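The values are calculated or read from the model by the stated rules, or taken from the named source; none is laboratory data. These numbers come from a predicted model, not from an experiment. Note that each Cβ is placed from the backbone with ideal geometry, even for glycine, and that neighbours are counted across all protein chains shown. Each accessible area value is taken on the protein alone, full model and side chains, heavy atoms only, with ligands, DNA and RNA left out. Shrake-Rupley method; radii C 1.70, N 1.55, O 1.52, S 1.80 Å.
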Amino acid sequence: MEPVIGIDLGTTNSLAAQVTPKGLEMLESEQVTSHVPSVVAILPDRIVVGQEALSLREEYPKTTFYSFKRFMGRGAKDVAAELDNLPYQVRASERDHLCLGCQEGCKSPEELSALVLQEVKSRCEQILGQAVKKAVITVPAYFDDGQRQATRMAAELAGLEVMRILNEPTAAALAYGLGEKDDGKILVYDFGGGTFDVSILEIKNKLFKVLATHGDTHLGGDDLDQALMNWAKAQIPVPLNARGLQALKSKAEALKIALSNQLEAEETLSLPGQEPVVLHLTRTELDQIIAPFADETLTHIKLALQAADLRPEDIGDVVMVGGSSRIPLVRERVRAFFGKPLHLRLNPDQVVALGAARQAHLLAGGSRDFLLMDVVPLSLGIETLGGTFNKMIIKNASIPARVTEEFSTSVDNQTGITLNIFQGEREFVADCRKLGQFILKGIPPMPAGLPRVKVTFFVDANGLLRVSAKEERSGIEAEIEIIPTHGLKQAEVSNMIRASMEHAQEDFEQRTLVEFRAKVNLIAAGMAKIWPQAQTLRSPEELAQIQTQLEKLTALASHTQNPMELKAELDQMGNLTRDLADQIMGEAARQALLETKTLP
Amino acid sequence: MTQHDHQCDACHSTLKSSLFCSACERLQQLQDQETYFSIFDQPVSFRIDPAAIERVFDDLVMKLHPDFFAQADERDQALSLQHTSLLHEAKACLLNPFERGKYLISLFYPGEAVTLGNPPPAFLAEMFAFQEALDDLAAGKGDLQPLQANLNELQTRLLHYLANAFDQFTHRHDDQALLARIREELAKVKFVTNLQARFKEIQKEAAWNP
């Protein structure tokens, strides 16, 4: 069988694993390891990747790149805030893509990641003694479409076919699920170098279901290091140049790592032409520096639990992943939150790659002993009348997913209908992100409300969305495939989710109000059209009653902020005009008008 | 219970599931007469057995999921994708009383849009009262438990009524008066479902910010 490996493409380290007859194993031999620090140094005469590049950080601060995973699939505006602390340059190139370094040594984050992947790939080939062409690659659960696409692109550049982009915390759960637990709910706490993710999964009869994911692509070990750097800088009497700052950064990191195992630590910073400075830090002092970050992760846990409709006591197992999860304070806070011991058996640096290998083995046709059911990260839907967002596939729905809904038109003799497709959690499309649009053309002229447009959303196992529409009376069809190219910027994702929670009720009222107003307009237009004909069908008293009600309704629609008030009058109007509508349009048209959602 | 009397298109064993042959593991082309009920081997009824549906779902998805067919030929890849999304779609519909009701009507009136009736003013007034009570709850006033009990009781009553009405409907689907009553009750269920969703949101908020 052709080897299909699992690769954890991390912010600070990348590594690969595979399934062997003995079970899940890291890809390493006595001579070679697939473990490659995610660092690339562009030197005048060559490119260096991994451990050696890491050691060049002080010598070539401006062309040694690290933590570039944070820039994958992002634009200049998204990352503006975090550029100050980097020794290398990050600037915008064409189409808002980012470019790292100076003219000669300029690389995109995708190219840099590709260099790391290439290194991992070639080491695996040395270990296995055969070519590696396919892999499952992991990304943080909170990576948006654009960031996932950038990861695919990096793999392609490295000559790897991506069998699946898998979420890191999900991968960790797969690695732990092996024979340990048959049923129960797992929370994966993934505090890595650059990102923080929390995912909740349910295991039932070897079926892994993702119940919820939550996180922050800008909360990780790098932030802890930065806070630590701010402390360290305050200990140095003189301002430092780029090289001096890199040296200080290495010392600060060494202190942090040492304090995972001891209560105090010391490092000496020696710079040319300066007195050596001794940096002394205790566990208690470190705890004070990182406590705000640890607390922030607990907030994300609460939000994930809320999304899954669970309480802390419902969680059977807590799995810790990522280098920052080794920090004693972090472990203590999480343990206290759940009131139970944490799962620490597997090396938190390896568990993601191990899980990716397990999924890779499954996709290669190797085993059928488990199944992971993944979910849609953000709701998908279309714009309906009044700019409202009609969600078709709701956030956290299992994939592959298909949903069909029926819509109609708002204007007479409409022969073309434009479908606008959006992604987001808010009630109005103006607050969501547009994914694409297409036009259903060639519908025969019909009164408003009579066409029956069936819209189908289909998301396949890789998260790719296809939208199709069919007008049932005429059989006219159209379809669009949406390839997520430039995803939501992370700031947008978090803002959208935060805003959707803050505005949920307000949106709901506003939405019903908009819908009811649109309905009033439809009724007024419809009445104007049929009024002459109506004179012959109903009594003058009845028509007068309808006339009065219509005036009351349009007046109310123009000023009321209370959707329920408007609804009551609309219902009254419906009662008054029911017989008339029956006579004029027949049952089908009436019901279409009264009950169908209409497209703009 | 429904019976699958057709055979596997490869080994001709009698099929237990219309989607998959348990004897030779071949994915089957979906037959026209299959419904959301038949693929879960359930009778066509408003009364469902959620545990049985979950059980059949878990069992089938472990056999049909596209991840198991990543190396298979085009036919099997396409069928596994179709069948798995159908399973998700069918389960979501059957476990939701409102969607289940609409789907049941559509089975007897294929090709027609299923519309809802207009509940009487008294019912709407009752809904407004609930809405206001929920507004109060959201603002931190009032008690969660009694409201929840009232909502649940109302829903139980509606679903009980609908279950009986649908029992008759499956034998007398030409009875327009009965259909009109069902449409009206379904509209009520929709109102109550929306209220319950909002209640749940408020309840979650309250649980995290006591």
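Numerical summary
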quantity	calculated
Positive-end residue of B:177, B:124, B:140, charge dipole of region B:121-208 with Cβ unit charges	B:177
Inter-probe distance in nm under a simple model that places probes 7 Å from Cα toward Cβ, at residue B:24 and residue A:336	6.4
Within region B:1-95: Cβ-based charge dipole about Cα centre, in debye rounded to nearest 20 (Lys, Arg +1; Asp, Glu -1)	200
Dipole of region B:1-95, positive end: most advanced residue of B:62, B:92, B:45 [Cβ charges, Cα centre]	B:45
Net lengthening on full extension, residue A:76/residue A:282 (0.36 nm per residue, minus Cα-Cα)	70.4 nm
Virtual spin-label span in nm between residue A:368 and residue A:183, 7 Å along Cα→Cβ	2.3
In region B:84-210, lysine pairs closer than 19 Å at Cα, eight or more apart or cross-chain	8
Distance (nanometres) between label positions extended 7 Å along Cα→Cβ at residue B:45 and residue A:454	2.8
Cβ-isolated cysteines (cut-off 4.7 Å), chain B	B:93
Listing of region A:355-394 residues, each with accessible area lower by at least 30 Å² in the full protein assembly than in the chain alone (probe 1.4 Å)	A:362, A:363, A:368, A:371, A:373
FRET E, pair residue B:107, residue A:404, Förster distance 25 Å, beta-carbon r, rounded to 0.05	0.95
Cα shape, the protein assembly as shown, gyration tensor, a/c 1.5 rule	prolate
With Cα atoms, 0 to 90° folded angle of helix B:74-94 axis to chain B main axis	30
Spatial extent of region A:178-311: Rg and Dmax, with the Cα atoms as the point set, Å	19.7, 66
Chain A - percent relative contact order, Cα under 8 Å, separation 6 or more	13
Interface burial for B against A (accessible surface, 1.4 Å probe, total of both chains, Å², rounded to 100)	3400
Residue-span extension gain [residue B:129 to residue B:200] - 0.36 nm each, minus C-alpha spacing	23.8 nm
Sites residue A:31 and residue A:271 - FRET efficiency at Förster radius 41 Å, r taken between beta-carbons, to 0.05	0.65
Accessible surface of the protein assembly as shown, 1.4 Å probe, proportion on carbon and sulfur as whole %	50
For region A:42-59 versus region B:158-210, the gap between their alpha-carbon centres in whole angstrom	66
Cα-based helix-to-principal-axis angle, A:351-363 vs chain A, degrees rounded to 10	60
Complex-versus-alone comparison for region B:78-124, residues with a loss of 20 Å² or more in accessible area, probe 1.4 Å	B:81, B:85, B:88, B:89, B:111, B:113, B:115, B:116, B:118, B:124
Solvent-accessible heavy-atom area per residue, rounded to whole Å², over the protein assembly as shown at 1.4 Å	44
Listed residue (A:237, A:439, A:543) projecting farthest to the positive dipole end of the protein assembly as shown, Cβ model	A:439
Nearest-ten-degree value, helix A:168-177 long axis tilted from longest Cα axis of chain A	70
Shielded by partner chains, region A:283-317 residues - at least 30 Å² of accessible area, 1.4 Å probe, vs chain alone	A:302, A:306, A:309, A:311
Heavy atoms of residue A:299 accessible to a 1.4 Å probe, total area in Å² rounded to 10	80
All-pairs alpha carbon distance profile, region B:1-95, 5 Å steps from 0, percent	2, 14, 26, 25, 20, 9, 3, 1
Size of region B:121-208 as Cα extents on the principal axes (Å, biggest first)	49, 25, 16
